[in-house]
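What follows is a short report on a single structure.
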Amino acid sequence: IEYAVPLGLLLFAVTSRAFSQSPKRAVWFFAVLALSSAPRALQTAAAMSEKPDANVRVDSLLKALGTLEKPAAGEKALFYNVEWDASPYIYYALPEYEFNDLLDPSFLQTYDQRHHSVRWQLRQGTVPDPWGVVQSLARRGVRPRYLLTRYSGFIEQLRVDPHFRQIYPDPLQGRTVATGFDDRIYEVASERDPHFVIHYEASLLQKEGEAGDADSLTPDSQALPGARLERVAFEHVHPERVELGFEHEPVESSYLDLRYGAVATALGLRSGKRTGSDSVSCVLVRPAAEEKMRQKGKNVIALGGGRGMRVWLNGRRFFRSVSALDTVDPMERLLLLDRPLAESDRIEVVVCSRDSAETLGVSLSFWSDREIDGLCRSKGWKPPEGLALKQGWERISDYRETCFGSYIRRPPTQVRDRE
């Protein structure tokens, strides 16, 4: 369209010169042009005179943005807009906020390739610990207060992340499940949720071994040289998983990434996946002593972020999960204990994955069942009526359902398997 005006002027100049020598021909030309253009001109005029239809998305979004809290005088706060096309409406309603991106995303790609790449991953819902990532991407001294997205993958991930509270649409009014490209606005927690483990001890049990050998591993298996891991920081990664640095100091992560970065190197693993490899690597992970002291009294272990995981409690295998999918949700499985955790309890997780898989890692958090119920209520979840729990290879109890799925617990009569 940017060429229409100059080309139109050039065509007019050429035809004017030609018709100046033949006025009769010019009259006929412009008469035919006027007749052929008349229907389109009348249609355009009618459209211009009509009142435009209401833009439901924009009206609803502006109304929701107008209800959000504005930063105090002199305070710096960030509105993390994952969807750049909503930027004009956010800026119109909340000019007091800072933004990560207001213009065409190609500008962000040119200015900060790393930020652009990880924002794309966030939209897909494939980034472990999205809260840690968003906090780490924020400019120094500016903490994200709100986040907007429309992508169903990211929405489903945030649905089970306690660091994000959906405020639009109001989850108590329904629409808690992503059904399309609907705008969602979330309030972002200012601090890491204290239920999550961020201090770990880990050791390498198997490096590039056979898949069959992984099943026989226990926490008492001979460990390869390992390391005590503390305050594990999230590593900012490219979609192709090329490791990139931070412009700012990263925050502590609730996801222990054993596939990429410094942790894998510390354990003696090769950082990154090996395409086409059938070998399997396994790592033994324990919450550090200070974590067990902090989390005692809880009776639910929330497990997430891994493919093949085996949980051991006081030397007995409590749970086994083998998944073919690369998932990074922080609370995929809720393990219900028979009694509250004591400081003396041994909690150990053997995490295994094929070396060709995208993920090798784990996320652990400890809750009471009342805290889980309260968290689900705050997210607008209601238990379905007449729920029939599915029985499968996982040991699903007949305990009540939650917004994270069914509780899993060890039946008292279960026969021990390799214990």
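Tabulated data for the structure shown
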| quantity | calculated |
| --- | --- |
| Some residue of the stretch 378-395 being modelled with pLDDT of 85 or more and farther than 19 Å from P128 by Cα | no |
| Strands (runs of 3 or more DSSP E) lying entirely in the stretch 275-384 (those with 3 or more residues that are of a type in the set (K, R)) | 316-322 |
| Any hit, the stretch 133-143, residues being part of a strand (DSSP E or B), modelled with pLDDT of 80 or more, surrounded by 21 or more Cβ atoms within 10 Å (Cβ to Cβ) and not basic (K, R) | no |
| Residues within the stretch 267-287 that are closer than 15 Å to E201 by Cα and surrounded by fewer than 17 Cβ atoms within 10 Å (Cβ to Cβ), tallied | 1 |
| Residues within the stretch 366-383 that are buried (at least 21 other Cβ atoms within 10 Å of the Cβ) and not aromatic (F, W, Y), tallied | 1 |
| Wholly enclosed helices (runs of 4 or more DSSP H) of the stretch 85-129 bearing at least 3 residues in contact (Cβ under 8 Å) with a residue 40 or more places away in the chain, within 21 Å of I155 (Cβ to Cβ) and of a type outside the set (K, R) | 113-124 |
| Conditions (1) more than 16 Å from P194 (Cα to Cα); (2) out of contact with any helix residue (DSSP H, G or I) (no Cβ under 7 Å at 6 or more places or on another chain): number failed by G297 | (1) |
| Test: K70 is at pLDDT below 80, part of a loop (DSSP other than H, G, I, E, B) and not aromatic (F, W, Y) | no |
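The values are calculated or read from the model by the stated rules, or taken from the named source; none is laboratory data. Since this is a predicted model, take the numbers as computed values, not measurements. Ideal geometry is used to build each Cβ from the backbone, glycine not excepted, and the neighbour counts take in all protein chains shown.
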